[in-house]
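Reviewing the structure listed below.
The values are calculated or read from the model by the stated rules, or taken from the named source; none is laboratory data. Keep in mind that this is a model prediction, so the values were computed, not measured. Quick reminder, even Gly has a Cβ in these numbers, built from the backbone with ideal geometry, and neighbours come from all protein chains shown.
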Amino acid sequence: MKRSLKIAALLGVVLIGLSAFTGPRNKYFEILKNLEIFSNLYKEINTYYVDDVDPGQLMRTGIDAMVESLDPFTNYISESQIEGYRYMTEGKYNGIGAVSEKIGDYVTITELYEDQAADKAGLKPGDKIIAVDGKDAVDKDPEALNNILRGFPGTEVELTIRRPGREGDFTITLERTEVKVPNVPYHGMISDDIGYVALTTFTREAGKNVANAVKTLKQENPGLKGIVFDLRGNGGGLLSEAVNVSNVFIPRNEVVVTTKGKVEDWDRSFSTMGEPVDQEIPLVVLINKNSASASEIVSGVMQDYDRGILIGQRSYGKGLVQNTRDIGYNSKLKLTTAKYYIPSGRCIQSVEYEDGEPVDIPDDRRTPFKTRNGRTVLDGGGVKPDMVVKKFTDGGIVKSLLDQHLIFDYVTRYSLGKDSIENVEDFRFTQFDDFVAFLQEQSFEYDTDSEKLLKKLQQTSEKEGYKLDEELTELEAEIESHKKDALQQNREVIIDLIEKEIASRYYHQRGKIKMGLRNDKEVKEAIDLLHDTARYNSMLSGQ
């Protein structure tokens, strides 16, 4: 009996020891076990699979699937993608200085950076890249092609170009250089007493460049009564620069953002460290659905401290912090390590996704917080502007024109033989009928949301054994009637897009921004608000 008790006691000790071992340590065993399984599987496929496989591509597929299962912002950055990563963090990369997109069968140049290699060599938006160093580029993936175009400064690349309006393809040799892209491409006056600053990305020296722009506006315009700070389309960048940009408008020692993650030792609070350029001048910050990450920190900070009024549309909703880890062979892992919280205590990370994109959730499902003046603000899905302005290009015929690159293609044809246009302030596009004729030539068609629902209804009714032919025909006729009027109903919006595209062909990014300001509804709302001091102060006080 005693012996049995001793054995039972001994077994108990062993089981307790094993349970302790299978706690945290069991996780490491699982990691090692699965790494061995993965390695064995990888070797078996490479050795015995019926067709030849590219080992690097096979591994890349596995890595991408692994990181995609975590969140949309954790990414593997291969050695060939390092130049793209460098551009995102530093605002510069080695290459030819052109933006491209696949249109039809070929990657097509869509924008040139002023005075960079491609611009100096005479390339134009609309040029199709037919071959690179003599190798056919048909159906080439834009990212793969860009990886070829980027390389060490001083090295050369030969492009075969097909240009609309020119007979025959031609070749051109470009020398790669270090391409520097300004993060503040434009600042200036948009009325007699209102200044404007555009920030396109939070790369290095973003805070310094915004500060210099604001200083210049103040020095050159003693009667300056307000500033419009444009963060629309700004996808973010460096967290440190979000702090520096905030510091332009708020004083020293104000908390900008706090990060919290799994590793508590990495939790940090970031505060402003310098004197502001101006903490009193009335401020309007413009944001939209493509304002993300660092843009949301800055706009949220301005809102939380009641430093300015936000105008536009709800921002993207990226409240996650990424750090990069070197993983060998000049490759990196961009890894989500924390969530960030802005001064009111809210996290603006979206809580629902669909196809990798954030989904708007109703305000009643978001947690309320308070600004310094006691205004209610919400978490869980982007920063909501104080003044929401509906965006007209989000759907319908305008979206179809953009998606099918028809405005881009039209401007390419329009620009043929035109070496210059009037300055941005004086230029007006007056050939809308010619654009409509161009669409007819291209057999432009688009499906409205109503048509898509109608087709679904027709399919469902047929499956369920009843027909709605007469009713559907009447609805189709009514939709077609509305579609014929859609171009004229959206005439102003389409002309604005055409004018901006034309300006970019002759005056690059700066010209496009200046042209856009002329017809910008949100900018007009901002100017009106900054001229109405009583309304501006009332909105900030929450009354």
Looking at residue 230, is it crowded, with 17+ Cβ neighbours inside 10 Å, at negative phi, touching a residue at least 12 places away in the same chain (Cβ under 8 Å) and in contact with a Leu (Cβ under 9 Å, 6 or more places away or on another chain)? yes
Among what's in the range 338-351 and is not aromatic (Phe, Trp, Tyr) and not in a loop (DSSP other than H, G, I, E, B), pick the residue that is surrounded by the most Cβ atoms within 10 Å (Cβ to Cβ). 338
Kindly list, by first and then second residue, each pair from a residue in the range 189-214 that is closer than 19 Å to residue 246 by Cβ to a residue that is assigned to a loop (DSSP other than H, G, I, E, B) and among the acidic types (Asp, Glu), limited to pairs with Cβ atoms under 7 Å and residues at least 6 apart or on different chains. 214/278
Taking the condition of being over 15 Å from residue 341 (Cβ atoms), in contact with a Phe, Trp or Tyr (Cβ under 8 Å, 6 or more places away or on another chain) and modelled with pLDDT of 80 or more, how many residues in the range 354-377 meet it? 2
From 418, 384, 391, which residue is in a loop (DSSP other than H, G, I, E, B) and buried (at least 17 other Cβ atoms within 10 Å of the Cβ)? 384
Could you check how many residues of the range 270-291 are crowded, with 24+ Cβ neighbours inside 10 Å, in a loop (DSSP other than H, G, I, E, B) and of a type in the set (A, V, I, L, M)? 0
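Confirm whether residue 265 is surrounded by fewer than 24 Cβ atoms within 10 Å (Cβ to Cβ) and assigned to a helix (DSSP H, G or I). Can you show your working first?
On the way: surrounded by fewer than 24 Cβ atoms within 10 Å (Cβ to Cβ): yes; assigned to a helix (DSSP H, G or I): yes.
The answer is yes for residue 265.
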Residue 76 being at pLDDT 75 or above, within 30 Å of residue 159 (Cα to Cα), touching a strand residue (DSSP E or B) at 6+ places or on another chain (Cβ under 9 Å) and not hydrophobic (A, V, I, L, M, F, W, C): yes
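Being assigned by TED's automatic domain parsing to the domain that holds residue 271, basic (Lys, Arg) and surrounded by 15 or more Cβ atoms within 10 Å (Cβ to Cβ) is the requirement here; does residue 370 meet it?
Values: assigned by TED's automatic domain parsing to the domain that holds residue 271: yes; basic (Lys, Arg): yes; surrounded by 15 or more Cβ atoms within 10 Å (Cβ to Cβ): no.
Spelling it out, it is not the case that residue 370 is assigned by TED's automatic domain parsing to the domain that holds residue 271, basic (Lys, Arg) and surrounded by 15 or more Cβ atoms within 10 Å (Cβ to Cβ).
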Could you tell me which residue of the range 437-450 is modelled with the lowest pLDDT, considering only residues that are in contact with a helix residue (DSSP H, G or I) (Cβ under 6 Å, 6 or more places away or on another chain) and in a helix (DSSP H, G or I)? 450
Looking only at residues in the range 241-262 that are among the charged types (D, E, K, R) and either at pLDDT below 95 or touching a Lys or Arg at 6+ places or on another chain (Cβ under 8 Å) (or both), which one is surrounded by the fewest Cβ atoms within 10 Å (Cβ to Cβ)? 262
Residues 172, 194: which one is out of contact with any His (no Cβ under 6 Å at 6 or more places or on another chain), surrounded by fewer than 17 Cβ atoms within 10 Å (Cβ to Cβ) and not acidic (Asp, Glu)? 172
Go through the range 32-77 and report how many residues are part of a helix (DSSP H, G or I) and either within 25 Å of residue 330 (Cβ to Cβ) or touching a Cys at 6+ places or on another chain (Cβ under 8 Å) (or both). 20
Residue pairs qualifying under the 9 Å Cβ cut-off, at least six apart or on distinct chains, with the first in the range 520-543 being on the phi > 0 side of the Ramachandran plot and the second being at pLDDT 95 or above and among the charged types (D, E, K, R), are 542/306; 542/375
(1) within 22 Å of the chain's Cα centre (by Cα); (2) surrounded by fewer than 20 Cβ atoms within 10 Å (Cβ to Cβ); (3) under 18 Å from residue 302 (Cα atoms): which one isn't true of residue 335, the others all being true? (3)
Which of the numbered conditions does residue 223 fail, given that it passes all the others? Conditions: (1) in contact with a helix residue (DSSP H, G or I) (Cβ under 8 Å, 6 or more places away or on another chain); (2) surrounded by fewer than 17 Cβ atoms within 10 Å (Cβ to Cβ); (3) assigned to a loop (DSSP other than H, G, I, E, B). (1)
Over the range 105-138, the set of residues among the aliphatic types (A, V, I, L, M) and touching a helix residue (DSSP H, G or I) at 6+ places or on another chain (Cβ under 8 Å) is 107, 109, 112, 129, 132, 137
Does any residue in the range 38-52 that is at negative phi come within less than 7 Å, Cβ to Cβ, of a residue that is of a type in the set (S, T, N, Q) six or more places away or on a different chain, and which pairs are these? none
